[in-house]
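Here the structure comes first, spelled out in structure tokens, and everything after it is commentary.
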Amino acid sequence: MFITNAFGDNIGVIPLNEVYTGNVTENDISAPVPVLALRNAVLFPTVVFPITVGREKSIKLIREAYSNSTMICAVGQQDPKVEDPEYSDLYYTGCLARILKIFEMPDGGITALLQGVQRVWIEEFVQKLPFFTANISIKPETEPDNSDPDYNAIVGAVKDSVSKMLKYAVHFPPEAGFAIKNIDNKKLLINFISSNIEFEKHDDRQMLLEIDDLKERALQLIELLEHELQLLEIKHDIQQKVRSEMDQQQREYFLHQQIKTIQNELGNSPVESEVERFTKKVETKKWSATVREFFDKELSKLEKMNPLAGDFPLQVNYLDVLTDLPWNEYSTDNNDLKHAAEILDEDHFGLEEVKDRILEYLSVIKLKGDLKSPIICLYGPPGVGKTSLGKSIARALNRNFGRISLGGLHDEAEIRGHRKTYIGAMPGRIVQTLIRCKTSNPVIILDEIDKVGSDFKGDPASALLEVLDPEQNSAFRDNYLDIDYDLSRVMFITTANRTDTINPALRDRMEMINISGYVMEEKMEIARRHLIPKSIEAHGMKPKRFAFDDNALATIIEEYTRESGVRRLDQNIAKILRNRAKSLAFGEKAKKRITVDDIHRILKTARMQKETAGNESLVGVATGLAWTEAGGEILFVEASLSAGKGNLTLTGNLGEVMKESATIALEYVKSHAQSLGVDDKLFEQKNLHIHVPEGAIPKDGPSAGITMITSIASIYTNRRVKRGTGMTGEITLRGKVLPVGGVKEKILAAKRAGITAIVLSEENRKHIEDIKPEYIEGLNFYYVKNMNEVLDFALETP
């Protein structure tokens, strides 16, 4: 049988037929018996076991007992850490043992080969020096009959468990499994395994030794072996996984080293080439000392990276952004205001007030000298040229131009960028636009700022506060860059269709400039100067081969578009020219002049009906003026009476504010019934129905207040509303007429509809004075302060 100690040191081989299996009686024992304290071992009967002896007492005991051929009592220590144990530190159940052989060790200690003989019980200790001695008694074991089937099955299960453990237990040599399989003595097998297997708890072996019945000991041994087997399997799985991962890492490391060596031999290391590229790239950069120090720090990180590591391309991209930014690179402004005025007039017709405001800003920039640009917000209906005005400003100043669309933006990172530690991180749109513009003082249009949203990802409008604040944007910090960038010399121009949806704090930081809609004369001039030449060039035609009649242009504007701007007009002109291009491509003859008949033939049925106020005066029907995002419109307010109990019915898809205006109007008429000549009984005997046509279109706002009172007063007094009269104004319960907005658009709509007399609040007079006289030619304005003046003018005398 192969024998090894707990450390895996080979001690020797003892043939199985020489293993002592005899019994000893108490008469064979000379009292007292030397007692050997074992630290991490428990000796079992019939088992040969090597122990390393290092304590002076133990060495002396072993030498004396071996020389005298005396048996000893081997007992375990309760705590292996105790260096000099007392009686109380030892177990009282031990094993009588023979010393088969001793081996002298180089360190002065000895290794003794012990064989267990019989279990014993320490009755009492006799002496402590020079080593322990004690009186002992035999503690016999009960062994079942070899023919017991349960006993044989249990022993077989023990063998199977140990065989499985030997696959994982590295401290067992291969010969141990062979030895265990060839042990026929069941008692020897159980005790041998109990003595040599390492258990999780120190006192598990002692517990097995103290069991008298071998069958019970074998059952308990199986339970401990299964527990240990589970632990070994778990350890083995973990080790295999770790070893596999380490093997993969080592393989990748060696491959990386080989690739690095090959690249160094070829002289094209990615790290060196990237570092050299960035070093050359920054030679002409006008960096501050802070930015230069920051760049050198990031470049040193790149130098230390493995080119095949995942972070390497991320760091290269970051340094590309850092070096592509136009740090302290500025274009030279053209401060010639006459040149700027020529550019604005060349690119845009009309918009005189807007152009004056822009020239005022450019004048301030010229005089101030520090070029700290203001923030301008151009707001108005779609298609009036807000974005193109920004391009014209950039051309007038000789600055580069950039555009950022904010419509539907709901992620703050789109403005500030993402942290570069994130996968797919990139700088915000501000930094990206500066890179495209290649200067630090471009003109940047922030388009559709009124349509910025917000959700759980953040509020972009709040992020724009820093960008659009001249006091803060000199140290703008993009999350991706993680270093301050000066935006104070960038001219930001924002655009919006409406101002009420813009964040109030953001709106406070901007100078608001209103761009209202165009009248027909302006649209026709814009078409001649800009839209038609541009569209002819885009369709590959020669300018002299085509021309539009004035009536043809007017037909397109009135019958096929309804807008404040010229976007739909541009689309219709392009459609007509495409039709002419098709004719030319087929070799057909095409007339040079495009007439009204051509417009109807190409554009088919007119989409818009010309708004008319009607040629007759009616009872209960008043004409109001309304503002929409597409420009101004007229709307009719109709009232009728029917038998009932004085109920009020409102139809026409009216909003809450408009419904409130109707209620106020009715209450005003009731409170002034006597002065209007209305019988109070009518309010109780008649139901009032107010309707605003085109019910599919939502309508709201307070500006129809005076129109509703006029309609209600007309139906109750049976007085007609004067023909050709339009009105707009908000009312109070006391009858005061308040001013409204969108006056220019409303006036233009009234003129298109053939209205000749317009009723407005006195406080709207200043808005009329700002409109060019040629646009309001043929219109008469009546400015009022209260409803009495409105009704006196608008209602015909009975």
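Of 719, 395, 98, which has the most accessible area with a 1.4 Å probe, and how do the rest follow in descending order?
Ranking 719, 395, 98 by accessible area, largest first, yields 395, 98, 719.
Is the shape of the range 467-620 best called rounded, prolate or oblate, per the rule: a/c under 1.5 gives rounded, else a/b larger than b/c gives prolate, else oblate, with a ≥ b ≥ c the square roots of the Cα gyration tensor eigenvalues?
Since a/c reaches 1.5 but b/c is at least a/b, the shape of the range 467-620 is classed as oblate.
In whole Hz, with x marking every Gly and Pro, tabulate ³J(HN,Hα) for the range 121-133 from phi via Karplus 6.51 cos²θ - 1.76 cosθ + 1.60, θ = phi - 60°.
Computed from phi, the couplings for the range 121-133 are 10, 7, 6, 6, 7, 9, 9, 10, 10, x, 8, 5, 9 Hz.
Find how much the distance from residue 512 to residue 220 grows on full extension, using 0.36 nm per residue of separation minus their present alpha carbon separation; answer in nm with one decimal.
Separation in residues times 0.36 nm, less the Cα-Cα distance, equals 96.1 nm.
If I ignore ligands, DNA and RNA and count only protein heavy atoms, how much of residue 485 is accessible to a 1.4 Å probe, in Å² to the nearest 10?
For residue 485, the solvent-accessible surface is approximately 10 Å².
Could you order 388, 661 by accessible surface area, starting with the largest, using a probe radius of 1.4 Å?
Reading off the accessible areas and sorting them downward yields 388, 661.
Please state the relative contact order of the chain as a whole percent: Cα pairs under 8 Å, 6+ residues apart?
Relative contact order comes out at 7 percent.
Note down the nm distance, to one decimal, between modelled labels 7 Å out along Cα→Cβ at residue 233 and at residue 766.
Output for this residue pair reads 9.1 nm.
Which of 167/187; 164/201; 355/736; 286/366; 368/534; 386/575 have a Cα-Cα distance over 32 Å?
With Cα atoms farther than 32 Å apart: 355/736; 368/534.
Do the sum for the chain: with -39,500 (n - 2.57) for every DSSP H run of n ≥ 4, divided by all residues, what is the mean residue ellipticity at 222 nm, to the nearest 500 deg cm²/dmol?
-12500 deg cm²/dmol
Quick check: from the Cα gyration tensor, does the range 78-179 come out rounded (a/c under 1.5), prolate or oblate?
Because a/c hits 1.5 or more and a/b fails to exceed b/c, the range 78-179 counts as oblate.
Counting C-alpha atoms alone, how compact is the range 691-736: give Rg to one decimal and Dmax as a whole number, in angstrom.
My reading of the Cα-based Rg and Dmax gives 11.9, 32 Å.
For a quick check of your reading of the filter: which GluC sites (Glu not before Pro) in the range 424-529 sit in a DSSP loop and have no more than 11 other Cβ atoms within 10 Å?
Taking the range 424-529 and a limit of 11 other Cβ atoms within 10 Å, the loop GluC sites (Glu not before Pro) found are 471.
Under a 1.4 angstrom probe, counting protein chains only, how are 447, 320, 145 ranked by accessible area, largest first?
145, 320, 447
Using θ = phi - 60° and the Karplus relation 6.51 cos²θ - 1.76 cosθ + 1.60, list the HN-Hα couplings for the range 582-587 in order, rounded to whole Hz, with x at every Gly or Pro.
Listing the rounded values in order: 5, 4, 5, 5, 8, x Hz.
Please state the shape class of the range 391-513: rounded when a/c is under 1.5, otherwise prolate if a/b exceeds b/c and oblate if not, all from the C-alpha gyration tensor.
oblate
Can you list, bin by bin at 10 Å, the percent of alpha carbon pairs in the chain, starting at 0?
For the chain, the pair-distance distribution reads 2, 10, 12, 11, 9, 8, 7, 6, 6, 6, 7, 8, 5, 2, 0, 0.
Pick out, from 463, 535, 476, the residue whose Cα sits farthest towards the positive end of the charge dipole of the range 462-585, with +1 on the Cβ of Lys and Arg and -1 on the Cβ of Asp and Glu.
Of 463, 535, 476, it is 535.
Restricting attention to the range 320-393, which trypsin sites (Lys or Arg not before Pro) occupy a DSSP loop and are surrounded by at most 16 other Cβ atoms within 10 Å?
Filter output for the range 320-393: 372.
At 1.4 Å probe size, with no ligands or nucleic acids counted, give the accessible surface of residue 150 in Å², nearest ten.
90
Can you pick out the pairs among 285/391; 523/746; 297/438; 544/592; 670/722 whose Cα atoms lie more than 19 Å from each other?
Over 19 Å Cα-Cα: 285/391; 297/438; 670/722.
The values are calculated or read from the model by the stated rules, or taken from the named source; none is laboratory data. What you see is a predicted model; the values in this text were computed from it and never measured. Backbone-built Cβ (ideal geometry, glycine too); neighbour counts: all protein chains shown. Protein only, heavy atoms only, side chains kept; ligands, DNA and RNA dropped before computing areas. Shrake-Rupley method; radii C 1.70, N 1.55, O 1.52, S 1.80 Å.
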